Amino acid sequence: MTIWQLVIKEILRRKANFVSGLIAVTVSVGVLAGSMTILRLHDLRTEQIVTQKEQETRQRMAVLEDDYRKIMKNLGFNLLILPKDQKLSDFYADEVVSAFMPDSYATRLAAAKIVTIRHLLPSLEEKVKWPEKKRTIVLIGTRGEVPSLFRDAREPILVAVPKDHAVIGSELAESLGLKQGDRITLFGRKFTVSQCNEERGSKDDISIWIDLAQAQEILAKPGQINAILALKCICEGNELALVRRDVAAVLPGVQVIEEGTKVLTRAEARDRAAKEAGEAVAAEVHNRWQLRDEQEEFSAILVPLVLLMSGLWIGLVFYANVRERRSEIGILRALGARSWTILRLFLTKALLMGVIGALAGYALGVLAGIIREQEATLSLLELRVFLLASCTAIILSLAASWLPAYYAAQQDPAEVLREE
Amino acid sequence: MVLLERVVKTYPKADNLRVTALAPIDLTVGPGEFLALQGPSGSGKTTCLLIAGGLLRPDSGKVLIDGQDLYRMTRNELATFRARTIGFVFQQYHLIPYLTVLENILAPEAAQAKGNNQRRGRELAEQFGLAHRLEHTPGELSAGEKQRTALARALLFEPKVILADEITGNLDDENAQIVLGYLREYVRAGGSVLLVTHDREIAGQADRVHHLAQGKESEVAQ
C-alpha cells in the first residue's frame, strides 16, 4: 500500500469532491489556454490577412501594370528619333542634341508606311549665347507636325511656331520680364513673343522656339535638323524593338529612344499605387493589433480573476475533504504517519487534480478558442501554451490545497481519537 | 516494557482553570503481560492510553517504552518509533472506509511510506479468519470482522506493545472472546497489551487490572 494507491482509492471513493476541484482547475486552465488560443488565432489570422492583402496587391499591381500598358498603347509612346552619330551619353548629360541629320528625314518617315509612328515633329536645337541679352539659351527651330501621307488627317497635337514669332521658356520670360506680344531681338532679327510657357522644370525653361527655317538660318544649318519627336506612337513598351526596326528600314542613319518622362511617369504611378497598397496593408495590420491589444487587456483581467476564484474554490474543496477525513488522518498518525506523509496525501491528490485539470483545461481552452474563432489549425497546439497551462494548473491546485493540507498535517491525532 | 512514571495530564477549562484528567499515575506493563486499565467513563482511561502511545504529551511525568522516553523524541522520531513498536486498536475500529480488508491491514505501509508486506498482510488476514473478506470494504463487514481487521492492522509490523481502547465495546460476547483470544495469543508470544475497558468482566481476563477512579488508580492483582 503506497501513498499513491491510497490517494487514488480515496479519489475513487469521493468522486464528487475530486471532480468539483477538478472542474475549478479545468475552468481556470481553460480560460487561460482559451485566451492564449484566441490571441494565437488572431495572430494567425492577421498573418493570413496580410499575406492575402499582399497577394491581392501583387495581383492589383499586375492588373495596373497591364492597364498602364493599355493606356500607353492608347496614348502612344513618345519617341525621339536622333541622328545615329549622336552620343546618347552626351544627350542624357546635357539634354541637348549635338549631331545633325537632313530635315528630309521627317518627310521620308511620313511618307513611309510605318503604322506605329504618328505625329512627327522635326526640330533643330542648339545651346547658344543670346547676344542681345547675353544669356545662354536653347534655341529650338520647329516646323510643327509633318502630316502622314497614308493616314487620315488628324488634328496636329502641336502647332508650329509662325514665322517671326517666338515661344519663350518660363525662366527666360520671368527673368527678362517678357510677356505675350512683346517684341524681342534674337541674333539681329525681330520676333514677336506669341506665348510664354509655364514652368516645366527642364531645359525648356531657358528655351526659345521659333520657326524651323529661321532657326536653320540663325544657326547656319540649312536643311538640317537634329531630332524628330514622334508623339503617340501606337505600340507597347515592349514593342520598342519593332518600332526601331521599322524606322531603321526607312532611315538607317538614325536611332530611336523612348522619351524618358513617359517612362518615369509610368514608374512613378506604379510606385504610388504600390505605396498606397502598402499603406492599406499597414493600416489593416494596425487595426488588427489594436483589436489584439483589447483582447489581451480583457484576458489580463479575466484570467487572474478566474484563477483567484478557482483557487478559493479548490481551497474550500480540500478543506471539506480534510474535515471529512479527520478520523482517517488520526488513525494514520497513530499508525506512524509523519506530518509530511499527511501533507503528501493531500498534495499528491492536488498534483493529480492539477495534471488532469491541465490536460482537460488545455483541450477545452483550445477547443473553445477554435469554436469562437471558427478556425482550426495544428499550429494552435503550442508547446509553450501547454507548458504554461500545465504549470499554472499544478501550481494553482498545489497552492490552493496547501493550507488545508497543512491544517490536516498539524491536526492533533489524540484529539480526533479521543472524540471518537 | 511500558512504564508510566508519575504521569499527570490536565486539560484547559474556562477562566484559565484546568481540569485534571489524569492524576499522577505509575503504570508498568512487562513483556508478555496483559494489563487491563479499568474505570468509569471520564476516569482518564483513554487519556492514559494516548499518553502511553506517544499521541498525547503529558503535563509531567515520564513514559518509557522499550526503554525509550517517548516525549524526549522529536515528532518524526516518535512517529517512526510508534509505527515499529506500538499497535493501536480502537473501539470504533478506525478502518479506512474506501480500502479493502487487505488494504486496511497494509495501511501502516502507507503511513510509513515503505515496504511491501503483502504476504504478511495475507497471513494476518488468514490468522484472523478474514481470508474470505480480503476484497471487502469495512462497510461490508460485521463488527467482529472490523475489529479483527483493526487488530490485524495493528500487528502488521509485529509491534512489542498493543494499546487497545474498549475494543470489545461494540462486539457481542462471542466476538469479544474471539478478539480477546487473539490478544492473549499475542501476549503468549511475548507481546505486551494495555487494554482500556470499563467492563469489569473483560478486565477480569487480563493478567492484572488497574482501576482508575476519576484519575486515581488502584491495583488489583489477579
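The values are calculated or read from the model by the stated rules, or taken from the named source; none is laboratory data. Since the model is a prediction, treat every value here as computed from it, not as a measurement. Here the Cβ is made from the backbone with ideal geometry for all residues, glycine too, and neighbour counts use every protein chain on show.
With respect to residue A:113, is the statement that it is farther than 25 Å from residue A:202 by Cα and part of a loop (DSSP other than H, G, I, E, B) true? Spelling it out, residue A:113 is indeed farther than 25 Å from residue A:202 by Cα and part of a loop (DSSP other than H, G, I, E, B).
The conditions of being under 47 Å from the mean Cα position of the chain (by Cα), surrounded by 15 or more Cβ atoms within 10 Å (Cβ to Cβ) and at pLDDT 70 or above are met by residue A:142. The residue that is modelled with the lowest pLDDT, counting only those in segment B:98-122 that are touching a helix residue (DSSP H, G or I) at 6+ places or on another chain (Cβ under 7 Å) and not in a helix (DSSP H, G or I), is B:113. Looking only at residues in segment B:103-128 that are surrounded by fewer than 19 Cβ atoms within 10 Å (Cβ to Cβ) and in contact (Cβ under 8 Å) with a residue 24 or more places away in the chain, the one that is farthest from residue A:345 (Cα to Cα) is B:127.
Here is the figure for segment B:87-102: residues that are closer than 12 Å to residue B:135 by Cα and crowded, with 23+ Cβ neighbours inside 10 Å total 2.
Under the condition of being within 14 Å of another protein chain (Cβ to nearest Cβ) and without any contact (Cβ under 8 Å) to a residue 60 or more places away in the chain, the residues counted in segment A:9-38 number 5.
Condition (residue is basic (Lys, Arg), within 28 Å of residue A:9 (Cα to Cα) and in a helix (DSSP H, G or I)) applied to segment B:148-166: is it met by at least one residue? Yes: segment B:148-166 contains one or more residues that are basic (Lys, Arg), within 28 Å of residue A:9 (Cα to Cα) and in a helix (DSSP H, G or I).
In segment B:58-72, of all residues being free of Cβ contacts under 8 Å to residues at least 60 places away in the same chain and not in a strand (DSSP E or B), the one that is nearest to residue A:335 (Cα to Cα) corresponds to B:70. For segment B:9-34, filtered to residues that are of a type in the set (S, T, N, Q) and within 14 Å of residue B:45 (Cα to Cα), the residue that is surrounded by the most Cβ atoms within 10 Å (Cβ to Cβ) is B:10.
For residue A:168, indicate whether it is free of Cβ contacts under 8 Å to residues at least 60 places away in the same chain and among the β-branched types (Val, Ile, Thr). In short, yes. Residues that are polar (S, T, N, Q) and within 19 Å of residue B:204 (Cβ to Cβ) within segment B:124-175 comprise B:168, B:175, listed in sequence order.
Residue-wise test of (1) out of contact with any helix residue (DSSP H, G or I) (no Cβ under 9 Å at 6 or more places or on another chain); (2) farther than 18 Å from residue B:8 by Cα; (3) part of a helix (DSSP H, G or I).
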{"position": "B:27", "(1), (2), (3)": "no, no, no"}
{"position": "B:56", "(1), (2), (3)": "no, no, no"}
{"position": "B:80", "(1), (2), (3)": "no, yes, yes"}
{"position": "B:87", "(1), (2), (3)": "no, yes, no"}
{"position": "B:94", "(1), (2), (3)": "no, yes, no"}
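The single residue among A:310, A:327 that is within 11 Å of chain B (Cβ to nearest Cβ), in a helix (DSSP H, G or I) and among the polar types (S, T, N, Q) turns out to be A:327.
Residue A:41 fulfils the conditions (1) assigned to a helix (DSSP H, G or I); (2) within 14 Å of another protein chain (Cβ to nearest Cβ) except for a single criterion, (2). When residues in segment B:32-72 are screened for being over 21 Å from residue B:89 (Cβ atoms), modelled with pLDDT of 90 or more and within 14 Å of another protein chain (Cβ to nearest Cβ), 4 of them pass. A search for C-beta distances below 6 Å between a residue of segment B:73-97 that is within 7 Å of chain A (Cβ to nearest Cβ) and any residue that is in a strand (DSSP E or B), counting only pairs 6+ apart in sequence or on different chains, returns B:88/B:163; B:90/B:165.
Of all residue pairs spaced 6 or more apart or on separate chains, those with beta-carbon atoms under 8 Å, a first member in segment A:336-352 that is surrounded by fewer than 19 Cβ atoms within 10 Å (Cβ to Cβ) and a second member that is not in a helix (DSSP H, G or I) are A:339/A:410. When residues in segment A:330-359 are screened for being touching an Asp or Glu at 6+ places or on another chain (Cβ under 8 Å) and more than 11 Å from chain B (Cβ to nearest Cβ), 1 of them pass. From the list B:72, B:6, the one residue that fits, being exposed (fewer than 15 other Cβ atoms within 10 Å of the Cβ), in contact with a Pro (Cβ under 8 Å, 6 or more places away or on another chain) and charged (D, E, K, R), is B:6. With respect to residue B:129, is the statement that it is part of a loop (DSSP other than H, G, I, E, B), away from every other protein chain (no Cβ under 13 Å) and farther than 23 Å from residue A:15 by Cα true? Yes, satisfied.
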